[in-house]
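Trainee: Just passing along the structure, written as structure tokens.
All of the numbers you see were taken from the coordinates with simple rules; none came from a lab. This one's a predicted model, so the numbers in the text were calculated from it and none came from an experiment. Every residue, glycine as well, gets a Cβ built from its backbone with ideal geometry; the counts of neighbours run over all protein chains shown.
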Amino acid sequence: MKTQFNGLTTRIERLGVVASPQTRFQSEGVLNPAIYRDRKGNLVMMMRSVAHGNQSRLEMLQQTWIDGKPLIVDGVEAPFERVGFALVPQSRYERRRRVNAQGVSEMVGGEGCEDPRVTFVPVLDCYLLCYTAFGFDGPRIAVATSKDGYKWQRLGLLHIPEEFGLAKDDKDAAFFPDVMLSPSGTLSLAMLHRPMPNLAPADGLDAVQTTLKAPPSQRQSVRVAFIPLAPVLEDIGNVLDVTESYVVLEPTLPWGHFKVGGGTAPIRLKQGWLEIFHGVDQILTDSGKYSGRYAAGLMIHDLEDLRTLHYVSPEPMFKPETKEELEGIVNNVVFPTGIVARPDIGENVFDIYYGMADRLIGRCRLTITFS
């Protein structure tokens with residue numbers, strides 16, 4: 001991996017909590033939002049809202065933006081206002097229900113639509129939504145489409161050929177907005193994804209120890225997949241058909257050594273494609289047990305060959321530090337999933353929206369300096 005930007009520096013400014021549980025549909029947390037602009041330039045936050053029993057829905061809120069920046073009311077940004085649900089668990093692949101001995105339908109360990117990422121793809125003139133569908137088969141990548149960013153139509157589950165030998169469980173998917181040539185030379189759409197090989201405990205070790213002992217290539221890693229454009233232009237349903245997939249980032253860093261996964265939808269910079277990703281460490285506590293920590297970093301892909309990374313954060317860009325990030329449904333978590341450029345503030349300035357301990361949504365401001 002080539003480190004092209006040796007002088008790259010980042011600065012993070014935490015801006016606080018932007019969403020917290022308010023209704024019964026959010027009783028177990030709001031987290032991991034997609035962030036995108038609608039056709040009028042307003043900012044939309046599509047968040048995962050978790051109801052009792054770990055049932056997840058995708059809920060939309062809108063913040064008014066004018067001339068490329070948030071509307072200011074009484075000296076502060078206009079608040080996000082609720083729009084409604086984008087998706088609720090309805091399809092077979094989103095539901096985990098069975099009839100119990102009393103003849104009543106009940107959930108089995110949660111279900112629903114989780115962790116969205118949204119990209120507007122100009123060549124298709126539509127928004128593409130990737131999300132995790134959690135049904136009986138396990139977590140799978142599902143895709144939906146919208147013309148206006150508010151009314152969504154399910155397309156189905158992503159299809160990755162079995163001959164690739166990848167784990168069926170898959171998460172953290174996001175489309176790139178531009179069309180590009182795949183390594184095979186095919187004009188394609190591209191997306192990040194993260195197959196989830198789960199290593200069974202072996203040699204007297206628990207699952208965490210077994211994973212840490214395994215080579216990085218066997219742990220959960222970031223990949224880039226390609227979908228040929230021509231069939232998609234004929235039928236949008238063909239956006240589900242992956243024909244190529246390549247490893248981009250394995251957990252070989254001094255941090256994020258347990259697993260790595262995608263975060264925000266990619267943004268094009270002059271220097272390359274910017275992606276904020278997450279890395280998970282397992283920290284041995286005084287009790288002799290492992291405790292997970294989710295932190296965040298950035299990587300910059302080559303503009304033409306997405307497999308080439310010009311920069312990866314050598315240490316966490318930010319990690320759990322505040323009470324809201326350290327304590328929640330799952331402790332010790334910052335999980336970045338939404339990003340919006342802020343050229344009104346400065347060059348290479350971005351607002352990042354992230355899950356805080358799987359209970360709240362926070363925002364921080366990232367400034368990148370290239371030298």
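Trainee: Using the Kirkwood radius built from alpha carbon pairs, what does the Stokes-Einstein equation give as D for the stretch 213-371 at 37 °C and 0.692 mPa s, in µm² per second?
Mentor: 192 µm²/s
Trainee: Can you give the calculated 222 nm mean residue ellipticity of the chain, where each DSSP H run of n ≥ 4 adds -39,500 (n - 2.57) and the sum is split over every residue, rounded to the nearest 500 deg cm²/dmol?
Mentor: -1000 deg cm²/dmol, from helical runs alone.
Trainee: Using the Karplus curve 6.51 cos²θ - 1.76 cosθ + 1.60 with θ = phi - 60°, what ³J(HN,Hα) values do you get for each residue of the stretch 150-163, in whole Hz, with x for Gly and Pro?
Mentor: Here the 3J(HN,Hα) series is 10, 9, 10, 10, 5, 9, x, 8, 4, 10, 10, x, 4, 5 Hz.
Trainee: Can you check what the Kirkwood hydrodynamic radius comes to for the stretch 1-59, Cα pairs only, in Å to one decimal?
Mentor: After inverting the mean inverse Cα-Cα distance, the result is 14.3 Å.
Trainee: Same structure, new question: Once phi is turned into θ = phi - 60°, what whole-Hz ³J(HN,Hα) does the Karplus curve with 6.51, -1.76 and 1.60 give for every residue of the stretch 190-203, x standing for Gly and Pro?
Mentor: Karplus-based 3J(HN,Hα) across the stretch 190-203 equals 10, 8, 7, 8, 9, x, 10, x, 10, 7, 6, x, 8, 6 Hz.
Trainee: Which one of Leu181, Val334, Leu128 has its Cα pushed farthest toward the positive end of the charge dipole of the chain, where Lys and Arg give +1 and Asp and Glu give -1 at the Cβ?
Mentor: Of the options given, the answer is Val334.
Trainee: Moving to a separate point now. Mind ordering 251-257, 7-13, 215-221 by average Cβ neighbours within 10 Å, highest first?
Mentor: By packing density, highest mean first, the sequence is 251-257, 215-221, 7-13.
Trainee: Now for a different question. Over the alpha-carbon set of the stretch 287-371, work out the extent along each principal axis and list the three values in angstrom, largest first.
Mentor: Per principal axis, max minus min of the Cα coordinates gives 46, 30, 20 Å.
Trainee: If you place +1 on the Cβ of every Lys and Arg, -1 on the Cβ of every Asp and Glu, and leave all else neutral, what size is the dipole of the stretch 9-369 about its Cα centre, to the nearest 20 Debye?
Mentor: With Lys and Arg at +1 and Asp and Glu at -1, about 580 debye.
Trainee: With labels modelled as points extended 7 Å from the Cα through the Cβ direction, what inter-label distance (nm, one decimal) is found for Arg365 paired with Ser217?
Mentor: Placing both labels 7 Å beyond Cα along the Cβ direction yields 4.5 nm.
Trainee: Suppose we keep just the DSSP beta bridges with both residues in the chain; what percent of those would be antiparallel, to 5?
Mentor: Within the chain, antiparallel bridges account for around 95 percent of the total.
Trainee: Report Rg(Cα)/(2.2 N^0.38 Å) for the chain, keeping two decimals.
Mentor: 0.95
Trainee: May I ask you to list the lysines whose Cα is less than 21 Å away from that of Lys270, ignoring any residue fewer than eight positions away on the same chain?
Mentor: Lys2
Trainee: I need the calculated FRET efficiency for the pair Asp67 and Leu187, taking r as the beta carbon distance and R₀ as 45 Å, to the nearest 0.05.
Mentor: That pair, Asp67 with Leu187, gives E of 0.80.
Trainee: Which whole-Hz ³J(HN,Hα) couplings does the stretch 300-310 yield from phi under the Karplus relation 6.51 cos²θ - 1.76 cosθ + 1.60, θ = phi - 60°, glycine and proline marked x?
Mentor: 10, 7, 4, 5, 10, 10, 5, 6, 8, 9, 8
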